[in-house]
Amino acid sequence: QLVYPHDFRLTEKEKTSICYLSFPDSYSGGLGDTQFSFRLRQSGGPRTSPFQDDGRYNREAPLTLQREAAHYFGYVYFRQVKDSSMRRGYFQKSLVLVSRLPYVNLFQSLLQLIAPEYFDKLEPCLEAVCNEIDQWPPPVPGQTLNLPVMGVVIQVRIPSRVDKPGSSPVKQFNQENLLPAPLVLPSVHELDLFRCFQPVLIHIQMLWELMLLGEPMVVMAPSPTVSSEMVLALTSVLAPLRYCCDFRPYFTIHDSEFKEYTTRTQAPPNIVVGVTNPFFIKTLQHWPHILRVGELRMSGDLPKQVKVKKLAKLKTLDTKPGIYTSYKTFLHKDKSLIKRLLKGIQRKRPSEVQSALLRRHLLELTQSFIIPLEHYIASLMPLQRAITPWKNPPQIRPFCQEDFMKTLEHAGPQLTCVLKGDWLGLYRRFFKSPNFDGWFRQRHREMTHKLEALHLEAICEADIVAWMKDKSEVEIVDLVLKLREKLVRARCQHLPVKEETLQRVGLYIDTIIGSLPEDLQAVLHH
């Protein structure tokens, strides 16, 4: 019906997709308000974002919270109430917030404030809210923001890449000058993992492996709320490692990618997709891993745990909850985690404490897996003494899987993880996954930038006048052009170089130009 701000450009294809994704697509007899999320592929070519920050946010934010380049997130607040004046006998409406940021907690909390007001007062309410949001500061990683909206101040900290993984959010909230007291969100994005994973706690390790390997997976749920929470929870289990595959927290048969995902002529793509329409049981039964869950209910004891079943059992429409897969885990189950969670249930520990325990366990598992890779890739960096000012910096040595495997004997995951199993087999499978590719590219880019930075520092330390003594004009002009190019690149790519180093290189260039004949000076100054 309407888009705010009015000047925000969505293609017709995007509008249609957003409309379909904003409503439950299977019959939901439930009345009242529900909230869920979706993720949508951008269509119609690149377009400028209204928030120009030269990429600073993405450089400083954790990899898992970067602004998406080719996808939008949609956060939905859906209301369904009986209304005899409507043709269908129901009032059904959704308010959707669209963003490139994966801040599920912040945006869903915001919708809880805005949507009920909007259904009541309609457009003027949105206009007032947009005016307030226009005044919000940009999200700067590491900062705590106070965000006023509709008479409430939401207070939340934006995580930063330099935060220690697994540390609880820093309590740096200054509340004395804020009246009324702010609505403090403990996290912009973290879900209640314990609640989301309730029916599959005993399989958490298998799910972690499937995510690590980027395996295609379907989550079949009774509602978009359960499907989107489960998919977002699954994609978060690898933190701080980035999940590099595609994921759709909620997906409908009207989606433009429907044909692409349901075709049997090629293998299913590396994607986790959340669905609610029973029709998908038939169309996606060729997928290798299907997780079927019921409604999530918080109860006083360990909820009924789903069983792992063969895919052949999936044929019927009234499929029972379960993990339908023939996957055999590489690592043995960790019984101690379940015991600790059970103890927490018996002692009536709050859900957020159980979630923290679960998150800590997953973090330690991911770190045990990734640390040997980090050690090995660091050993491929050239030695600092090999970096000399007047030669191009040496290359990073290539990543050799077999060499890496040899390091595992004395520096493998067994040093930090008690879990036994086929770690080597898990690494070999991981090397074929998009998650390895994404991790490796990111690290390689960071190392290349570090090399460039070290080279600029080496140039600064060098005695340039001595070097120029026996050089021809051609060689000197060539050096000026190369140094200039380096300087431009350092600024464009925001290399990890001190500002004073860049200024000294600039002075060097001026010094060298000053020593050349005047006609050349004039050319180089242009």
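The values are calculated or read from the model by the stated rules, or taken from the named source; none is laboratory data. Please read all numbers here as calculations on a predicted model, not as lab measurements. Here the Cβ positions follow ideal geometry from the backbone for every residue, glycine too, while neighbour counts run over all protein chains shown. Protein only, heavy atoms only, side chains kept; ligands, DNA and RNA dropped before computing areas. Shrake-Rupley method; radii C 1.70, N 1.55, O 1.52, S 1.80 Å.
Hey, among R489, R484, R443, which residue is within 28 Å of the chain's Cα centre (by Cα), open to solvent by less than 90 Å² (accessible area, probe 1.4 Å) and more than 30 Å from I370 (Cα to Cα)?
Within the list R489, R484, R443, the selection yields R489.
Anything in the range 450-478 that is open to solvent by less than 60 Å² (accessible area, probe 1.4 Å), assigned to a helix (DSSP H, G or I) and without any contact (Cβ under 8 Å) to a residue 40 or more places away in the chain? List them, or say none.
The answer is A466, and nothing else.
Cβ-Cβ under 6 Å, sequence separation 6+ or interchain: first residue in the range 80-102 and under 30 Å from R41 (Cβ atoms), partner in a loop (DSSP other than H, G, I, E, B). Which pairs?
Q80/L31; S94/S22; V96/S22; R100/R67; R100/E68; L101/R67; P102/H189
Over 17 Å from T366 (Cβ atoms), surrounded by fewer than 17 Cβ atoms within 10 Å (Cβ to Cβ), touching a Lys or Arg at 6+ places or on another chain (Cβ under 7 Å) and not β-branched (V, I, T): is that true of H494 in this structure?
So H494 fits the description; yes.
Go through the residues of the range 100-122 one by one and say whether even a single one is assigned to a loop (DSSP other than H, G, I, E, B), charged (D, E, K, R) and assigned by the TED database to the domain that holds T64.
The answer is yes, given that some residue of the range 100-122 is assigned to a loop (DSSP other than H, G, I, E, B), charged (D, E, K, R) and assigned by the TED database to the domain that holds T64.
Given L126, L106, L147, L122, which one is within 18 Å of P5 (Cα to Cα) and either under 26 Å from the mean Cα position of the chain (by Cα) or surrounded by fewer than 17 Cβ atoms within 10 Å (Cβ to Cβ) (or both)? Let's see the steps before the verdict.
Values: L126 fails: either under 26 Å from the mean Cα position of the chain (by Cα) or surrounded by fewer than 17 Cβ atoms within 10 Å (Cβ to Cβ) (or both); L106 fails: within 18 Å of P5 (Cα to Cα); L147 fails: within 18 Å of P5 (Cα to Cα).
Just a single option satisfies the conditions, and that option is L122.
Considering only the range 359-416, how many residues are modelled with pLDDT under 90 and of a type in the set (V, I, T)?
Number of matching residues: 3.
Name the helices (runs of 4 or more DSSP H) wholly inside the range 184-270 in which the number of residues that are modelled with pLDDT of 95 or more and more than 23 Å from H71 (Cα to Cα) is 3 or more.
Working: elements: 193-196, 204-212, 224-235, 258-262.
Helices (runs of 4 or more DSSP H) meeting the threshold: 204-212.
Which pairs have Cβ atoms under 8 Å, sit 6 or more apart or on different chains, and link a residue in the range 434-449 that is assigned by the TED database to the domain that holds I371 and assigned to a helix (DSSP H, G or I) to one that is polar (S, T, N, Q) and at pLDDT below 95?
Here the result reads P434/N270, each pair linking the range 434-449 to a residue that is polar (S, T, N, Q) and at pLDDT below 95.
Limited to the range 390-407, what total is found for residues that are more than 19 Å from D437 (Cα to Cα) and either surrounded by 16 or more Cβ atoms within 10 Å (Cβ to Cβ) or in contact with a Lys or Arg (Cβ under 6 Å, 6 or more places away or on another chain) (or both)?
1
Looking at the range 404-420, I want the residues that are assigned to a helix (DSSP H, G or I) and have a partner that is among the small types (G, A, S) with Cβ atoms under 6 Å, at least 6 apart or on another chain. Which pairs are those?
Matching pairs, first to second residue: P413/S368.
Residue under question is I396, and the condition is that it be β-branched (V, I, T) and assigned to a loop (DSSP other than H, G, I, E, B); does it hold?
Considered against the rule, which asks whether it is β-branched (V, I, T) and assigned to a loop (DSSP other than H, G, I, E, B), I396 comes out as yes.
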